[in-house]
Amino acid sequence: MGTGSKTDTDDERLQFDIQATANQPVVLESASAPVAQRHLGKRNLLSVTIGQLALELSRAIGEAFFEESARGTAFLLVPVLLGAGALFYFLAPFEPEAGILAVSIITLASAILVTRSRYLLHLGLAATLLFVAGIAFGKLEVWRMDTKMLGSDISTRIVGRVVKIENQASGRIRLTIDITDTSRPQLRYAPDRIRVTAREVPSGLAAGEGVAGLAQLMPPSGPVRPNGYDFSFQSYFDGIGAVGFFLTNPERADLPDEPGLWQRLEARFESMRQALAGRIRGHVIGADGEIAAALVAGVRAGIPDEINQALRDAGLAHILSISGLHMALVTVTVMQAIRFGFALFPAFTSRYPVKKFAAGTALCAAAFYLFISGNAVAAQRSFIMLAVMLVALLFDRSAITMRNLAIATIIVLVTSPHEIIGPSFQMSFAATMALIAVYAAWSKARTKGSKTPPTGSSSVRSALRGVTLYVVGLAVTSIVAGVATTLFAVWHFQRAAPLGLIGNLLAMPIVSTLVMPFGVLGVVLMPIGLEGPPLFVMGKGIAATTAIAQWVSELAPNDATGILPASAVLLLSVALIVFCVPTTRLRLLGLPLIAIGATMLWQRDLPDLLISEDARLVGLRLADGVMAVNRDRPNGFTSENWLSALAANGIVKPQNGDFPESSKPPGKLQDGPFICHEAYCIAGHSSGAVVIHTTDQAVARSLCRTATLIVIDDATARNVCKSGLAIVITKRDLARRGSASVSFDDRDGLPIVDVVSSITEPWRPWHEHRAYYRAARGLPPFQRKKRDQEKQMTTVSLKASRGQVSNGGSILQAAPEP
């Protein structure tokens, strides 16, 4: 080759920035690099290396980001951003203004339209718009519900239409009633719907009929501790404005107005549910029959508490809630039955898309199951998910994909954004997302490593292989779902089922093969009266399931975990999304998030003291792992919740103290139980703090120099320790801001007190009714005139009845105001 041709080749390589391998200067440059690096210090070499690594890492992340965008992963972030906005709305300490939200949405939408050429800015604005839209959907739902909440305890005569009837395990009957009238006294701001219990109801009472009676009504209580389950919140979005009980047995009543179309349909479906549950109980007796009725008709109130507890301990409580598991089993059972029937006609099957026919029939069956099971929110969410998947089959699309899950999540967040707060939504979508991600990874690995299947294998070997795959698949499903949901279960319930994997491995094959399929068959055969044999098989499957649950429950250790830090739960939730949503190496970014979140969990600080919102109960965590309380008979629900929250292994009841001077406690208190005098109860803490509970503000004033914290069960009391020697929390404070948690810290020999309330002011819409509590207004309990009391307390004692109803937490004790 001539000189000219070589020059032309070099020029061409230079144009494409390609170095010739035969070009010796290139070799000389690379060889001279070590000589130059000798003059660089170790620190400079380290900085250069870190800079190069950071540059390469940012370049790899950018490439993976654009690859994810090309694959359509950005759409999967739509429900994440909507959910983040809804979560912000419901957890914010203030009420976002509708006008500001509207202006923000319009401004962001306009900016998105004019920034299409700037890709990253365009995506950032779109993400912000989705976040603001999530806030707006939450605001819209609150405006749409506008539930009237009762402002204070009161006894009144109610007249209303029965919406739902539930037989409880205690023997009482719980009614959901739409109020049409109140009297003696007439409520000026009566709730539209209430939930009350009664000892007896008129024989044959059905949904849609009128009922009347004297009832004690109470507003739904707040959380039993900060960051706990908020009954006011849930009642607001369930449309329940008050809870309570009948003081006399209710009677049938004639209603002046005819029910509307939706009310008639609601009553018809409720009557069908009750009739269906009654038929099931006629064939499956006892607690097994109550579980069968819960699985088919969604009637759960009659299940005994010990069975519920055993199922929780064994990690099987999820089978009682009409959710994705039940919808999936019903859908699969119907689809397989339809396809089996079509298989009997091969000529028809070969000409028509029988898979689509089966999917359409299964969709109708799922819709019927939704309404017959009570149309609960969890069931609605599960139906939406299955409907999206079945519709995908109708249009020849893959059913189980992350995109279909995203579509279902978007629908739920638009229609019921408050569900983002609840455990059912979080656990359901976390488990489904994790299972889809693992299934996709497994399918991809199987496709890459697939080989020609062996020929000539025996039927026995094929059967063993199928059983093995089923067991392995069930185990993997239980492990993946358990790992994905444990975080949220511990956050909401402060309990983990350590033997849940064993319980699910043993029980779920029975539920999947005997309980639900034969339950569906029994419902199908019920119109012709042949439901007995399949319901008998279903009952035996339920008996085996409960036996497994009770056995596992006996082996399970104490599973109380204590309160988790909210920041750690949020960070680990983001890590779960990062692991499941991306399809490239971007999912590895979840590893540092997990490490940080786990560190935050390890470094958590549990509160030292919990105070109920009615100021009657105080729980102190002691150094030996037990909880000391100030009452001999504490509220059962509240104390059980506190035990789990504090990771305590038992309750220590108060001891009687005989102090030499009526108001002078001992000089030095050790960490131990409450010592109660007739005027107050006092306990010491390992930090040196002294806690006092009293109902007399005069006694509290005399103990200001002794106590670190004083709780006064008196709404008229004020801060009697104005010198700042002790922190004072009154009944009025708790009525306004809800239950409280207290942490003590010993700094330089002086105890530091940190008080956290469960409710912030200004109140959100589901807490605005607290402004009308008598205690929140600093008023003493209302004392009804003796003559009125004699008229009202006719057959049922108020004191006896109060023990038969749970307000979901600590019951406000303020007496009614006329």
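The values are calculated or read from the model by the stated rules, or taken from the named source; none is laboratory data. In this text the structure is predicted, and so the values were computed from the model without any measurement. Neighbour counts run over all protein chains shown; Cβ positions are idealised from the backbone, glycine included.
Is one or more of the residues making up the range 558-580 over 23 Å from the mean Cα position of the chain (by Cα) and within 28 Å of G500 (Cα to Cα)? Checked against the condition, which is being over 23 Å from the mean Cα position of the chain (by Cα) and within 28 Å of G500 (Cα to Cα), the range 558-580 yields no hits at all.
In the condition set (1) surrounded by 15 or more Cβ atoms within 10 Å (Cβ to Cβ); (2) among the hydrophobic types (A, V, I, L, M, F, W, C); (3) not in a helix (DSSP H, G or I), I307 is compliant with all but (3). When every residue of the range 731-742 is checked against the conditions, none turns out to be assigned by TED's automatic domain parsing to the domain that holds T706, outside any strand (DSSP E or B), aliphatic (A, V, I, L, M) and surrounded by fewer than 18 Cβ atoms within 10 Å (Cβ to Cβ). If the condition is being outside any helix (DSSP H, G or I), of a type in the set (G, A, S), at negative phi and over 34 Å from the mean Cα position of the chain (by Cα), then the range 677-718 contributes A679, A683, G684, S686, S687, A689, A707, A717. Considering every residue within the range 252-265, establish whether at least one is under 28 Å from the mean Cα position of the chain (by Cα) and of a type outside the set (F, W, Y). No. Once the range 285-304 is narrowed to residues that are within 29 Å of the chain's Cα centre (by Cα) and assigned to a loop (DSSP other than H, G, I, E, B), the residue that is nearest to A366 (Cα to Cα) is G298. Filtering the range 747-769 to residues that are farther than 14 Å from S232 by Cβ and aliphatic (A, V, I, L, M) leaves L750, I752, V753, V755, V756. Collect the residues in the range 180-235 that are among the basic types (K, R) and more than 23 Å from R273 (Cβ to Cβ), keeping them in residue-number order. Listed by number, the residues that qualify are R184, R188, R225.
The selection criterion, being part of a helix (DSSP H, G or I), at pLDDT below 90 and either surrounded by 16 or more Cβ atoms within 10 Å (Cβ to Cβ) or at negative phi (or both), holds for M516. Only one of R38, R43 is loosely packed, with under 12 Cβ neighbours inside 10 Å, farther than 26 Å from M402 by Cα and modelled with pLDDT under 50; which? None of the others qualify; the one that does is R38.
Scanning the range 145-161 for residues that are surrounded by fewer than 19 Cβ atoms within 10 Å (Cβ to Cβ) and charged (D, E, K, R) yields D146, K148, R157. Pairs, please: C-beta under 9 Å, at least 6 apart or cross-chain, first residue in the same structural domain as A215 (by TED's automatic domain parsing) and within 14 Å of D238 (Cβ to Cβ) and in the range 169-197, second outside any strand (DSSP E or B) and among the acidic types (D, E)? Partner pairs satisfying both residue conditions: D178/D192; R193/D238; R195/D238.
Tally up the residues in the range 59-97 that are outside any helix (DSSP H, G or I) and either surrounded by 13 or more Cβ atoms within 10 Å (Cβ to Cβ) or among the hydrophobic types (A, V, I, L, M, F, W, C) (or both), please. Qualifying residue count, the range 59-97: 5.
Of all residues in the range 267-297, those that are within 18 Å of Y369 (Cβ to Cβ) and touching a helix residue (DSSP H, G or I) at 6+ places or on another chain (Cβ under 7 Å) total 14. In the set (1) modelled with pLDDT under 90; (2) within 21 Å of P780 (Cα to Cα); (3) touching a helix residue (DSSP H, G or I) at 6+ places or on another chain (Cβ under 7 Å), the condition left unmet by N719 is number (3). Within the range 126-133, not a single residue is in the same structural domain as I240 (by TED's automatic domain parsing) and outside any strand (DSSP E or B). What's the number of the condition L140 fails, among (1) hydrophobic (A, V, I, L, M, F, W, C); (2) buried (at least 20 other Cβ atoms within 10 Å of the Cβ); (3) touching a Pro at 6+ places or on another chain (Cβ under 9 Å); (4) part of a helix (DSSP H, G or I)? Every condition holds for L140 apart from (2). Contact map, the range 623-639: first residue closer than 17 Å to A740 by Cβ, second residue in a helix (DSSP H, G or I), Cβ cut-off under 7 Å, separation 6 or more or different chains; pairs are M627/W642; M627/L643; V629/S639.
Put simply, of A496, A489 the only residue that is small (G, A, S), within 14 Å of the chain's Cα centre (by Cα) and either more than 29 Å from M538 (Cα to Cα) or not assigned by TED's automatic domain parsing to the domain that holds N641 (or both) is A489. For the range 656-676, the set of residues classified as modelled with pLDDT of 90 or more and either part of a loop (DSSP other than H, G, I, E, B) or exposed (fewer than 15 other Cβ atoms within 10 Å of the Cβ) (or both) consists of P673, F674, listed by residue number.
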